[in-house]
Structures are given as structure tokens and as C-alpha cells.
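Take a look at the structure set out below.
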């Protein structure tokens, strides 16, 4: 008897899969998207699929790529559903993904009532952090270890390419790596706050996407937004969880 | 694509029109018919028609000639202006090529300045369009229309009488009525047709030289659509109104995204649609120039300040077409529509409680994926 739903979120950087039993996430996986999103989606599908799975929903920019998908839903709707599940009564969602960021306004039932996407530019997305880590020769996993060493550093460039030269010139001025990294993180959070300020959010905000794993991002985003920001250990899986939740309603 | 396959023959004829256009324009010119090229719906087509000439819409709908235009114009300018200039420079558009006179109008800043450059290598006359729909504005516009008539008379060595203009007004009013009946079919629930088919007719008619024949064919198409009405075809779809800048070739990308994601375009509040067609010229006004000035200046484009007519028109269209959601599409660097979107959003969401989405695009397909996701998410939200 089918009782599980499978949600797969194919983002620009990672593919996430989630199995959902109607109440809980019972299994999940995450792989790098690489240059072959269709193949990676299939890997995730093979790893999680079983006769118990009664419905498959795909989301993310690769949502059309899996032939076994029963339904394709945009990541906006899925992130909203996932955030409502993980964060409870949040007023909105901020998702910082690999190549875009989104701000979603939720109604009381966790449905989308408005949204904005910054999908024209890599500034303020995961790509920006990857660029920074490459230049500062650190791993994203080090992000939470950075601590202020000197005066606050401002990164002002709005463009990933220009920000790269800005970081390089700061290094040339012998500014501490930690301070540069914190400056970059603050600049991303400020940019995200400005971009989302067009939505009349109330209450707390759920933070999803790959960067939600890092406390330094959550706390800086909270400061920039001026309202409580909550996240969840499953924050990066938010879109896939939303897809699986929606899929569960369709199991016959 | 499936929607296009289902088109009745007469729709096909409108789209083919543009492929055959070079030869058609050529043949027209052999008969000695003057071509007046215009860019904007604010130019009264009645005046060139009155002298036996024809007003043609100048190609500015594809990005093909933008690189050529960017040799002279700034890159961060609206793609419509760049494309217009590029087509003029490259002779790639039959209407530009065959235009004996090009008529500009002082609508937005980018176009005004572009016409000055165009005037260096084309025969250009610019009509001063006031940006306020006041009595002063109407009086100025009326005198500009008389000046336009005189320019035509001088350049084409002819006389244009008021009776000829009165006849032209009638001919174009009939076409407007026919177009309104045609696109008005989308008021039906479910609507009979997809948005691309409606757009194709509205767009195609701008490239017809035989105005009365085109009107007759629009009426036949309307009847055909009624006869072939299949309520199952667009049943259960979310009814979308598209508003914003004239977006040329990008209309396909937007409408396809709407209709591939469970929506259907029921109404266009833009330059090819209700904005320019909705109002008739007053045939009872004894002063034909006053009648034209009043009707044309009333077009609710964002270059007018203030522009209350757009809200008024939108208010009525939202009811008539039972709209579920409004999608505003604005061209990159189209400042007036971009700024005015604030008021439109406020009106649609706060006063009418209807969901609204804004998006900016250009003539390229580079953002097709993002457009699809945004529109998909918007329709899922409805």
C-alpha cells in the first residue's frame, strides 16, 4: 500500500530528495547538481523510490527533467509549504539559493500571497559565497568560525565580479580574512533585506536554502531585516519537503 | 506548438502577412500609395488615410537590429527604442524602408532623443504630444494635428479635406468596433481562444494596408470563433490580464508561460490591445481635429502625467473579463511604466483585491526560464 510521497528539488547547486509519510520526513538525501541535473535527479529518485511511494513531485529549475515525476510545481509554492511545515506560523520565507534568492509572503494557512525573485544577478546568492571562499581560500563550512579581528569592513559592490576585485584589494591592504568574510556576509544579508522590503512581511521569517545552515547568516539576516529569523536543520531541504507535502495529498 | 496548430485559416493569414510584407509593401508602393511610418498609437492613422496614404507600424518588435543600434545609442536604453532605431539604420524592415515620411511623437524621453538622431538620415517629422490630458493639452495637440496635415499636404503635394478625414474616422471606428467585438469574445467563461491567437490578430491588423478589407476579415474571424466555441478547451484556467509596456516579440515568451502553467490570457491592457482600441473617435464632433485630438490624447499610456485613464480602464476590464490575476510586463529601462507599476499594483491588490505580479524583461530569450518560474508560481498562487 503506497503511503509515502517523494519530493525532489533540483536547484542550481544541489539536488534534494525527501520522503514524507504525511507527518514526518522519513528519509532524505542531497547530491551536487553538477553539469548533469537530469542524471542527478534520477540518482536521487533511485535512492529514495520504493513500492511504498505513491506520488512524486519535482520542483526547482530542473523540475521538468525527471520522466517519473507525477507533478511539477514551482519552487516558490514548495518553499512556502515547506517553511510552513518546518517553521510553523511564520509570516514569510527568505530563500537564498545557489543562483537566485526569493522572498515569499505567506497567509495564515501557509499559502503564497505574494513573492519576489532576484533572478537576474548572482549578487546575494550562494554563488557569491562560493566566489568569496575561493578567494579567501576557505571552505563554506568555516563560515561560522569567523570572528571579528579588526574594524568592520564594508563590501559595497553590487556585482559579484566587482565584489571579487573589492575583496582582492582588501586582502592587499592586509585586512584580516575573518573581517572580509563577515563584511561579505553582512552585505548579502543587507541586500536580501532591501530586496524583500517591498513585501509587507509581518512576524517572523523562515530562512531556507543552502546558506540557512550557517548561524552567522541567520543572525545577520535577523539584524538586517529587523525581525526574528528562524530556520531548521532541514532548512536546505525546504523546497523538497514542500514538494513531498503537496504530493502526499495526491496519493490514492 | 499546439495552440497555433488549431488556428483557423484566417488567423494564419494575419501572421503570414508579416512574412509576405516586403512584397506587399512593394506592390502597394507601385500603385503610388504613400507610406507614413509611425511608432506609436498616439498618431491618428486617420490623417494619412484621408490623403490616400497609409500609416504603417514601424518594426521595433524584435531584437535583431539592437547590436547595430548600440553603436550609436546607450546600451541601457529600452529595447523597443534601440530596435526601432536599428531597423531604420539597417533597412531590414519593409515599412521603414518604404516609408516616405517617418512621424515621431514626444512620448517618452528615450524616443524623443532617438528621433533627433533618426532625423539625420531619414525624413522625420515629430508631433508634439503634450503629457497632460488637460484642455490646454488638447488645444496644443489639435494644432499639432493640423500641422501634421499641412506637412503631409506640402510633402505629398496634395490637399486633405475635412470630409476626407471624417470618412477616415468612420473607417477606423468600424475597425475599432470589429476589434473590440473580436477580443471581447474572451469575456466568455471559459474564453474561446488562447492569448497568442488574440495577440496575433491584434498585432497583424497593424500591418494591413487594406483597412476595410481587414475589418471585414476581423468580423469573419469573430463569427468563426463563435461558431467553433468549445467550452471544454480553456475550462478551469486562471483568467489573466496582461498589462504594461508594449513588449513586442517578448509577448510570445510571456503568453506561453501563462498558458503552459494553467492560465489563459483573457485581456490585453497594452498598446496593441484595449489601451489603444477601446475608445472611438466622436463622429458627431463638427471639428474633426478636435475630435481626433480628444480621442487620441485620451489613450492611457504611462507617458501621461497623471494617467487616471489607465486605472479607470483597468477597473472596467477587471470586471468585464472576470480577471483572476494581473501580470504587468515592463521593458527594461521603460521608466514611465516601471514607475507607474506602483500605482497599478496598489489599485489592483488593495482596491480590487486581485493578485498582481510585476516583471521586467527585454527582447531576448535569456530569461525565458525565470519568466516561466515566476509566472508558474503566480498562477499556482491564484
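Quick note: the coordinates plus some simple rules give every number you see, no bench work behind them. Treat the numbers as computed from the prediction; the structure is a model and nothing was measured. Cβ atoms come from the backbone with ideal geometry, glycine included; neighbour counts cover every protein chain shown.
Data overview
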quantity: Debye intensity ratio in log₁₀ form over the Cα atoms of the range B:247-307, taken at each q of 0.20, 0.21 Å⁻¹; calculated: -0.84, -0.88
quantity: Share, in percent, of DSSP beta bridges within the protein assembly as shown that are antiparallel, nearest 5; calculated: 35 percent
quantity: Ranking of A:248, B:125 by count of other Cβ atoms within 10 Å, fewest first; calculated: B:125, A:248
quantity: By average C-beta atoms within 10 angstrom, highest first, the peptides B:112-120, B:325-333; calculated: B:325-333, B:112-120
quantity: Gain on full stretching of the segment that runs from residue B:70 to residue B:139 - 0.36 nm per residue minus C-alpha separation; calculated: 21.1 nm
quantity: Mean ellipticity per residue at 222 nm, deg cm²/dmol - from DSSP H runs of n ≥ 4 across chain B, formula -39500 (n - 2.57); calculated: -15500 deg cm²/dmol
quantity: FRET efficiency for residue B:280 and residue B:212, using Cβ-Cβ distance with R0 set to 22 Å, rounded to 0.05; calculated: 0.85
quantity: Residue order, fewest to most beta carbons within 10 Å, for B:26, A:45, B:321, B:85; calculated: B:26, A:45, B:321, B:85
quantity: For chain A, built as a Gaussian network whose Cα springs stay under 10 Å, the top-fluctuating residue of A:219, A:34, A:196; calculated: A:34
quantity: Acute angle (nearest 10 degrees) that the helix A:177-196 long axis makes with the longest principal axis of chain A, alpha-carbon atoms; calculated: 60 degrees
quantity: Most mobile of A:138, A:189, A:238 in a GNM of chain A (Cα contacts under 10 Å); calculated: A:138
quantity: Distance (nanometres) between label positions extended 7 Å along Cα→Cβ at residue B:353 and residue A:173; calculated: 5.5 nm
quantity: Distance from the range B:199-231 to the range B:254-274 (C-alpha centre basis), Å; calculated: 18 Å
quantity: Residue B:298-residue A:71 FRET efficiency (beta carbon distance; Förster radius 51 Å; 0.05 resolution); calculated: 0.65
quantity: Crossing angle, helix B:162-184 versus chain B [Cα axis fit, 0-90 degrees, rounded to tens]; calculated: 10 degrees
quantity: Using a Förster distance of 25 Å, the FRET efficiency for residue A:64-residue A:29 (Cβ separation, nearest 0.05); calculated: 0.75
quantity: Alpha-carbon centroid distance for the pair the range A:57-101 / the range B:46-91, whole angstrom; calculated: 41 Å
quantity: Chain B - percent relative contact order, Cα under 8 Å, separation 6 or more; calculated: 19 percent
quantity: Contour excess over end-to-end distance, with Cα ends at residue A:194 and residue A:108 and 0.36 nm allotted per residue; calculated: 28.6 nm
quantity: Label point distance in nm, residue B:287-residue A:46, each placed 7 Å from Cα along Cα→Cβ; calculated: 8.1 nm
quantity: Cα→Cβ-extended label distance, 7 Å offset, between residue A:202 and residue B:117, nm; calculated: 5.0 nm
quantity: Chain A: angle of helix A:238-248 to the longest principal axis, Cα-based, in degrees nearest 10; calculated: 10 degrees
quantity: Net lengthening on full extension, residue B:339/residue B:153 (0.36 nm per residue, minus Cα-Cα); calculated: 63.0 nm
quantity: The range B:157-172 and the range B:284-315: distance between their alpha carbon centers, rounded to Å; calculated: 21 Å
quantity: GNM flexibility winner over chain A from A:166, A:137, A:202 (Cα, springs under 10 Å); calculated: A:137
quantity: MRE, 222 nm, helices only [DSSP H, n ≥ 4, -39500 (n - 2.57), over chain A, to nearest 500]; calculated: -11500 deg cm²/dmol
quantity: Antiparallel content of DSSP bridges confined to chain A, in %, to 5; calculated: 60 percent
quantity: Residue exposure sequence - A:23, B:228, A:130, A:75 - by fewest surrounding Cβ within 10 Å; calculated: A:23, B:228, A:130, A:75
